[in-house]
1. I need every pair where a residue in the stretch 1-19 that is within 18 Å of residue 187 (Cβ to Cβ) has its Cβ under 8 Å from the Cβ of a residue that is of a type in the set (Gly, Ala, Ser) and surrounded by 12 or more Cβ atoms within 10 Å (Cβ to Cβ), sequence separation at least 6 or different chains.
2. Filtering the stretch 1-19 down to residues that are of a type outside the set (Lys, Arg) and within 24 Å of the chain's Cα centre (by Cα), which residue is surrounded by the most Cβ atoms within 10 Å (Cβ to Cβ)?
3. Is there a residue being at pLDDT 95 or above, within 19 Å of the chain's Cα centre (by Cα), under 30 Å from residue 387 (Cα atoms) and crowded, with 20+ Cβ neighbours inside 10 Å anywhere in the stretch 244-257?
4. Read through the list (1) among the polar types (S, T, N, Q); (2) surrounded by 12 or more Cβ atoms within 10 Å (Cβ to Cβ); (3) within 30 Å of residue 57 (Cα to Cα), then give the number of the only condition that residue 223 fails.
5. Among the residues of the stretch 186-204, what is the count of those that are among the small types (Gly, Ala, Ser), in contact (Cβ under 8 Å) with a residue 40 or more places away in the chain and surrounded by fewer than 17 Cβ atoms within 10 Å (Cβ to Cβ)?
6. Can you work out which of the residues in the stretch 46-66 that are in contact with a Gly (Cβ under 9 Å, 6 or more places away or on another chain) and in a helix (DSSP H, G or I) is surrounded by the fewest Cβ atoms within 10 Å (Cβ to Cβ)?
7. Counting residues that are surrounded by 19 or more Cβ atoms within 10 Å (Cβ to Cβ), which strands (runs of 3 or more DSSP E) fully inside the stretch 83-179 reach at least 2?
8. Checking the conditions here, which among 231, 207 is closer than 29 Å to residue 404 by Cα, outside any loop (DSSP other than H, G, I, E, B), aliphatic (A, V, I, L, M) and in contact (Cβ under 8 Å) with a residue 12 or more places away in the chain?
Amino acid sequence: MFKVKRNADGSIDRYKGHLVAKGYNQRPGFDYLEIFAPTVRMASIRIILALAAIHDLHLRSVDVSNAYLNGEMDCDVYMEQPEGFAEGDPKEWVCLLVKALYGTKQGGNRWNRKMCSVLESLGFKQSYSDAAIYVMSKGDLRIILPVFVDDMTFVSQSLPAIEDIIAQLRQHFKLRDLGPTTQLLGIKIDRDHSKHTISLSQHHYCLDILQRFGMADCKPVTTPMDPGLRLSHSQSPQTTQEATQMRSIDYLGAVGVLMYLVTSTRPDIAYAVGVLARFNANPGLAHWNAVKHLFHYLKGTAHFALTYGPDSSSSGLFVWLRNLLEEMGFSVSSPSILHTDNQSAIQVAKIPEHHGRMKHLNLRWFWLRDVVDQGLISPVFVPTTEMPADLLTKPLARVKVQQFCEMLGLAPSWGS
């Protein structure tokens, strides 16, 4: 398998080649057992980068070369000899895999186990909140290490400590030191140390999407989805001709690349992509037109960047994110702010008001009152006109889209 690796600006970084086994021929329980290997969650990546910006921590990236080859196979797996490297009669002699190989079912699992054992020997502890994050704490020194397969990003206040750990890792793995982190998982990273901010953008990824689907020269629009649009399953193909037409359109591919954009840096298109994904099984022309409308929106907002930095007002955190912060050494003493435009909901969350209207509810729904009493969540009123979460739940007009994008920290970044 040959692949072109690119930098965040779209330029070519290097060319890679992998020998890949035909893992689809493997049989469970016979030549593979466990296959699970965790990868860091995108939400975890964003919160770590936000912490790095606020506390002005060092970011350093390394890449493990041929990572899977470091894993030991747990079953006997035989493979045909690669073309051009055969010994003897390739029809009679095969290869017994001693090391994990790309393409094998257990390859990721075996590499992850090897990596985990090495990191633990160096003093790292695996996080319970996100199994792909490792944390080292020694006195005042703290190093946070999120791992995505073979991509490692070291986050710490001490650059010498990072360099020392990288030197120790070199004794176990072949590494490519990528220097200060300027891109991560295809996301371009720009920092302003004076303001303690960090911006995440996927400008070239957006342009690649438009190029792939023949929309590079389309005219921009100002909304991800027409506010008056109503999509339904009744708009799926009704005739053989319509079905044939849709089979020539890569609807699933379009929704897939847009979904990665949503989870990485573009919450403004979350609602539109979520609606479009409902029709993956049987999309119609109306659904495809909505996808193209979203492409038009990306054309005009490809340079948008998601910016994190210090904020005088507290922001909401999921409970699991509070746990993750605790594991990374950042104590959270104040409650997470839960903004709502419903005054009655706030009162019900704080005191047993309106009991007559709520006595029929299942007890599990009263968990909110418990976490409010514990000081984990604090419901706060916000006017409906200032509720940025509306961008995630409904199609909005241009003015609201622009207003809520700014509130979410999503704005043009002309340096993209």
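The values are calculated or read from the model by the stated rules, or taken from the named source; none is laboratory data. Predicted model only: the values in this text are computed from it and were never measured. Positions of Cβ are generated from backbone atoms using ideal geometry, with glycine treated the same way; all protein chains shown enter the neighbour counts.
1. Between residues of the stretch 1-19 that are within 18 Å of residue 187 (Cβ to Cβ) and residues that are of a type in the set (Gly, Ala, Ser) and surrounded by 12 or more Cβ atoms within 10 Å (Cβ to Cβ), the close pairs are 8/186.
2. Going residue by residue through the stretch 1-19, those that are of a type outside the set (Lys, Arg) are 1-2, 4, 7-13, 15, 17-19.
Those left that are additionally within 24 Å of the chain's Cα centre (by Cα): 4, 7-13.
Numbers: 4: 9, 7: 14, 8: 20, 9: 11, 10: 12, 11: 8, 12: 9, 13: 12.
Only one residue fits best here, namely 8.
3. yes
4. That leaves (3) as the condition not met.
5. Looking only at the stretch 186-204, we keep the residues that are among the small types (Gly, Ala, Ser), and these are 186, 194, 199, 201.
The next check asks that each one be in contact (Cβ under 8 Å) with a residue 40 or more places away in the chain; those that pass are 186, 199, 201.
From what's left, surrounded by fewer than 17 Cβ atoms within 10 Å (Cβ to Cβ): 186.
Result for the stretch 186-204: 1.
6. Selected residue: 54.
7. Numbers: elements: 94-96, 133-138, 141-148, 151-156.
Qualifying strands (runs of 3 or more DSSP E): 133-138, 141-148, 151-156.
8. Values: 231 fails: outside any loop (DSSP other than H, G, I, E, B).
Of the residues listed, the single one that is closer than 29 Å to residue 404 by Cα, outside any loop (DSSP other than H, G, I, E, B), aliphatic (A, V, I, L, M) and in contact (Cβ under 8 Å) with a residue 12 or more places away in the chain is 207.
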